[in-house]
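Since the structure comes first, as structure tokens, the remarks are kept for the end.
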Amino acid sequence: FFFLFRTAILDLMPAKILLSAACIGALALGVDAGFTGIGGAAPKRGAKPVKKAAKKPVARKPVAKKAPVKKAVVRSAGGFSPASDIGVTPPLGLFDPLNLLARGPEVYRRSQELEIKHGRLAMAATLGVIVTEAGIRLPGYLSISEDIKFADQPGTLDGAYFGTPLAGWVQIVAFIAALDVAVFRQDPSNDPGDVVQDLPIDWVRYDDPETKAFKLNAERNNGRAAMMGITGMLIHEGLTGNPIFPIGETL
């Protein structure tokens with residue numbers, strides 16, 4: 001009976017219905033198989049799941065930290081450390097309006113030597129004006145051939161310039177040039193301004209670094225003040241006829 005009933009039903013069903021039934025049956029089969037695919041075996045009950053071996057963490061070697069690299073202070077043969085060099089004093093500190101530092105340590109060293117030299121000449125010139133204006137003169141003759149005594153020499157700047165014969169100026173310039181080139185020559189291996197290393201002169205030396213720095217800074221600042229002073233005396237001489245105006249003569 002069951003066989004005849006199934007045959008009758010199948011004969012009455014269209015092909016599309018049979019196809020749909022076949023798909024549903026296949027889907028049911030896949031569900032029962034545990035979604036393992038057609039023909040796939042279902043997982044066995046009671047089987048313990050395989051645990052994957054845990055990966056051991058790889059020990060990292062400690063990386064040593066590099067010490068911070070300190071930039072060395074740039075120095076030349078004469079010492080190129082402008083921020084802490086001799087002559088950098090309050091209130092201006094490092095004062096470089098002409099930007100000479102950008103031209104390198106050699107130009108900086110040369111500028112130091114020239115500043116010290118001009119400062120020393122300016123100190124001598126300023127003191128000479130003050131002494132001669134005070135009436136102090138050397139004994140004897142300035143020029144025997146022209147019968148000019150030192151006592152006859154005026155103390156003013158223009159009087160000293162025009163009152164000295166040409167031969168006297170030639171001797172003065174030649175003497176100073178000989179001192180600069182041969183006697184007090186600047187050795188590049190020595191500090192700027194140190195020009196008496198080989199001379200048999202009992203020159204004052206300071207072993208204490210602080211005392212030495214104080215003395216050198218004092219010389220540098222006094223030289224700068226003297227350069228300004230002799231320039232002011234030249235201006236006063238041209239305007240009033242008196243280099244130390246308002247002391248002494250007045251307008």
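The values are calculated or read from the model by the stated rules, or taken from the named source; none is laboratory data. Quantities reported herein were computed from a predicted structural model and do not represent experimental measurements. Please note: Cβ atoms are built from the backbone with ideal geometry, for glycine as well, and neighbour counts cover all protein chains shown. All accessible areas refer to the heavy atoms of the entire protein, side chains included, with ligands and DNA or RNA removed. Shrake-Rupley method; radii C 1.70, N 1.55, O 1.52, S 1.80 Å.
Of the residues I116, I148, which is surrounded by fewer than 17 Cβ atoms within 10 Å (Cβ to Cβ) and either over 16 Å from G87 (Cα atoms) or modelled with pLDDT of 90 or more (or both)? Write out each step before concluding.
Numbers: I116 fails: surrounded by fewer than 17 Cβ atoms within 10 Å (Cβ to Cβ).
The unique qualifying residue is I148.
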- Residue match in the stretch 125-137 (condition: surrounded by 11 or more Cβ atoms within 10 Å (Cβ to Cβ), in contact with a helix residue (DSSP H, G or I) (Cβ under 6 Å, 6 or more places away or on another chain) and of a type in the set (S, T, N, Q)): yes
- Item | Verdict on R224 being more than 27 Å from I148 (Cα to Cα) and open to solvent by 90 Å² or more (accessible area, probe 1.4 Å) | no
- So which pairs qualify, if the first residue must be in the stretch 230-251 and surrounded by fewer than 12 Cβ atoms within 10 Å (Cβ to Cβ) and assigned to a loop (DSSP other than H, G, I, E, B), the second must be modelled with pLDDT of 80 or more and among the β-branched types (V, I, T), the Cβ gap must be under 7 Å, and the two must be at least 6 apart or on different chains? L251/T240
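Please verify whether R220 is of a type in the set (K, R) and part of a helix (DSSP H, G or I), treating the condition exactly as stated. First the steps, then the outcome.
On the way: of a type in the set (K, R): yes; part of a helix (DSSP H, G or I): yes.
Judged against the criteria, R220 is a match.
Filter the stretch 173-217 for residues that are of a type in the set (F, W, Y) and outside any loop (DSSP other than H, G, I, E, B) and give the result.
The first filter runs over the stretch 173-217 and keeps only residues of a type in the set (F, W, Y), leaving 175, 184, 203, 206, 214.
Matches in the stretch 173-217: F175, F214.
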- Task: Within the stretch 77-90, identify whether any single residue is among the small types (G, A, S), open to solvent by 40 Å² or more (accessible area, probe 1.4 Å) and modelled with pLDDT under 55, and answer yes or no.
- Result: yes
- Item | Qualifying position, being without any contact (Cβ under 8 Å) to a residue 12 or more places away in the chain, closer than 30 Å to P82 by Cβ and over 35 Å from the mean Cα position of the chain (by Cα), among I172, I176, I136 | I176
